[in-house]
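A.B. asks: Take this structure, written in structure tokens, and hold onto it; I'll ask about it next.
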Amino acid sequence: MNKLVEWKERLKKGHMFSIIVVLLIVVAILGFILYKKQREYRQASENSYNMAFYELVDYVQNVETYLAKALISTTPEHGAETLTNLWREANLAQSYLSMLPVASQELENTEKFLNQVSDYSYSLSRKNIYNESLSEEDLTNLEELHSYSTELENTLNQLSEDLNNGRFEWGELTKKGTVAFAQQVDNISKESFSNLEENFHEYSGLIYDGAYSEHMTSTEKKGLTGEDIEENTAKGLVEEFIGKDKIKDISSLGLSENATIPAYTFSITGNNDENINISISQKGGHVIYMNTNREVNAQILSQEEATQKGKEFLENKGFNSMQETYYITQEGITTINYAYKQDDVIVYPDLIKVKVALDNGEILGIETTGYLNNHTERDISNIQISVEEAKENLNPKLELTSEGMAIIPTEWQSEILCYEFKGKVNDKEFLVYINAENGREEDILIITDTGNGVLTM
């Protein structure tokens, strides 16, 4: 009997041993598979970063080549082609630079350089398209850009050698972040990463009066005035803006330091249990946005009444000289765009959006980012052509219904003073913008009545 029990115990132990062995084998296999997958992933990432880097090298070489060609081009026709190619290559170089696993602040000046090459070459290409030759100042600027492009090309070639010789791997930068980057810079060589930014340490950007001047591409927030404030001060401004008697509860969501405009954000419960979110800029305590979530079940106010409510609200909050432009209405709420008006000139970059409830005229939201980014008094004295001369550049089929002046933004963050002409062609409404300095047609917008509002396309 004892032998039988011993035999059973051995069998159990042997069975458990077999299970443990099997489990260890399974774990080993899974570990190997995971290791292999991770290795494949790292290799794929390394290959991707290498591809981006070598593409960057190629496009920077092309930038240097086209800058050299632009310096000796003698005809506007050929110059326009060269500068357009330069604009494209600089844009592509920026794209591949952004793919590298390096924090943006580490390559800030390099990125700034490529950005300005792109903007400036596009600006000069438009000059050539209008059959204007480049000025001595233009050529001097191009020569300066070419000098920096040569240094950038040489540095990237040196870095390419370091990469080929295995002196660093992109994976090390992604694993250890910016600190590792700084260490790698010191360890690789004086001629590699460190020089990439050292070469641009003195590069402050071109100063010129073209459409893409440095002050337009800077990060300066012209409408963001005042000193930095603490969270408690921001909370007080929130209570003042909304009305302390309308707040049941308020809680802070903290400071967003990495936002375009660093801001304190608060979540509020109103007296009727509606939820309100509001953001106050750290600098100056300006309201960046406010939004109230509540249903609007009736549309009692007309669009004109809602527009007036919005305008009165803005004036009460210190936003004067604002003119309504376009609007859209959805679910009983109309969102109206108001642009700043300086004298008789509409300044479209200084934009504020206001949400008005059509049941009782309550202001449900405001967004001031455009205004805070751009608001300042402009010099509107540089008008070189009359309104009648500007009209000569309009399509003769355009039946004019109104005319005025406006400052319009461009996609390159610049501004242009224009004559604004509103008119119709075949029952379709248009806005045509003619440059007040040189008579060029800068933009054409189609005015569309969607049924829910008036928009431009």
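Values in this text are rule-based calculations from the coordinates and carry no lab data. Predicted, not measured: the structure shown is a model, and the values here were computed from it. Reconstructed Cβ throughout: ideal geometry from the backbone, glycine too, with neighbour counts over all protein chains shown.
A.B. asks: Which length gain, in nm to one decimal place, applies between Leu71 and Glu295 when the Cα-Cα distance is subtracted from 0.36 nm times their residue separation?
C.D. replies: 74.5 nm
A.B. asks: Output the pairs from Lys309/Lys341; Lys283/Lys309; Lys112/Lys222 with a Cα-Cα distance over 24 Å in this structure; if there are none, say none.
C.D. replies: Lys283/Lys309
A.B. asks: Using the number of other C-beta atoms within 10 angstrom as an exposure proxy, rank Met405, Met457 with the fewest first.
C.D. replies: Going from least to most buried by this count: Met457, Met405.
A.B. asks: For a protection proxy built on the mean count of beta-carbon atoms within 10 angstrom, sort 55-64, 445-454 highest first, please.
C.D. replies: Numbers: 55-64: 21.1, 445-454: 12.5.
Descending mean neighbour count gives 55-64, 445-454.
A.B. asks: Tabulate in residue order the Karplus-calculated ³J(HN,Hα) for the range 53-69, using 6.51 cos²θ - 1.76 cosθ + 1.60 with θ = phi - 60°, rounded to whole Hz; enter x for Gly and Pro.
C.D. replies: 5, 5, 5, 4, 4, 4, 6, 5, 4, 5, 4, 4, 5, 5, 5, 5, 5
A.B. asks: Next question. Work out the FRET efficiency for Asn275 and Asp58 from their Cβ-Cβ distance, taking R0 = 60 Å, and round it to the nearest 0.05.
C.D. replies: Approximately 0.70, to the nearest 0.05.
A.B. asks: With θ taken as phi - 60° and the coefficients 6.51, -1.76 and 1.60, list the Karplus ³J(HN,Hα) couplings across the range 114-123 in order, rounded to whole Hz; mark glycine and proline as x.
C.D. replies: After applying 6.51 cos²θ - 1.76 cosθ + 1.60, I find 5, 4, 6, 4, 4, 5, 5, 5, 5, 4 Hz.
A.B. asks: Whole-Hz ³J(HN,Hα) for each residue in the range 352-357, computed from phi via Karplus 6.51 cos²θ - 1.76 cosθ + 1.60 with θ = phi - 60°, x for glycine and proline: what do you get?
C.D. replies: Whole-Hz 3J(HN,Hα) from phi for the range 352-357: 10, 10, 10, 9, 10, 6.
A.B. asks: Can you tell me which of 327-336, 429-438, 386-395 comes out highest on packing, and rank the rest after it, using the mean Cβ neighbours within 10 Å?
C.D. replies: Going by the mean number of other Cβ atoms within 10 Å, highest first, we get 429-438, 327-336, 386-395.
A.B. asks: If we count every other residue with Cβ under 14 angstrom of Glu312's Cβ, Lys/Arg +1 and Asp/Glu -1, where does the sum land?
C.D. replies: Local charge sum for Glu312: -2.
A.B. asks: OK, next. Efficiency by 1/(1 + (r/R0)^6): what FRET value for Leu445 and Glu161, r their Cβ-Cβ distance, R0 = 41 Å, to the nearest 0.05?
C.D. replies: In this case the efficiency is close to 0.20.
A.B. asks: Any chance you could run the full-extension gain for Val454 through Ile250? It's 0.36 nm times the residue separation minus the Cα-Cα distance, nm to one decimal. Could you put the intermediate results ahead of the total?
C.D. replies: Working: separation 204, 0.36 × 204 = 73.44 nm, distance 3.62 nm.
Length gained, Val454 through Ile250: 69.8 nm.
A.B. asks: Right, something else. How much length is gained on full extension from Lys424 to Glu399, taking 0.36 nm per residue of separation minus their Cα-Cα distance?
C.D. replies: Taking Lys424 through Glu399 to full extension adds about 8.5 nm, to one decimal.
A.B. asks: Applying a 10 Å radius around every beta-carbon, put 242-254, 68-80 in order of their mean neighbour count, most first.
C.D. replies: The packing order, highest mean first, is 68-80, 242-254.
A.B. asks: Ranking Tyr289, Tyr96 by Cβ neighbours within 10 Å, fewest first, what do you get? List each step's numbers first, then the result.
C.D. replies: Numbers: Tyr289 16, Tyr96 19.
Lowest to highest Cβ neighbour count: Tyr289, Tyr96.
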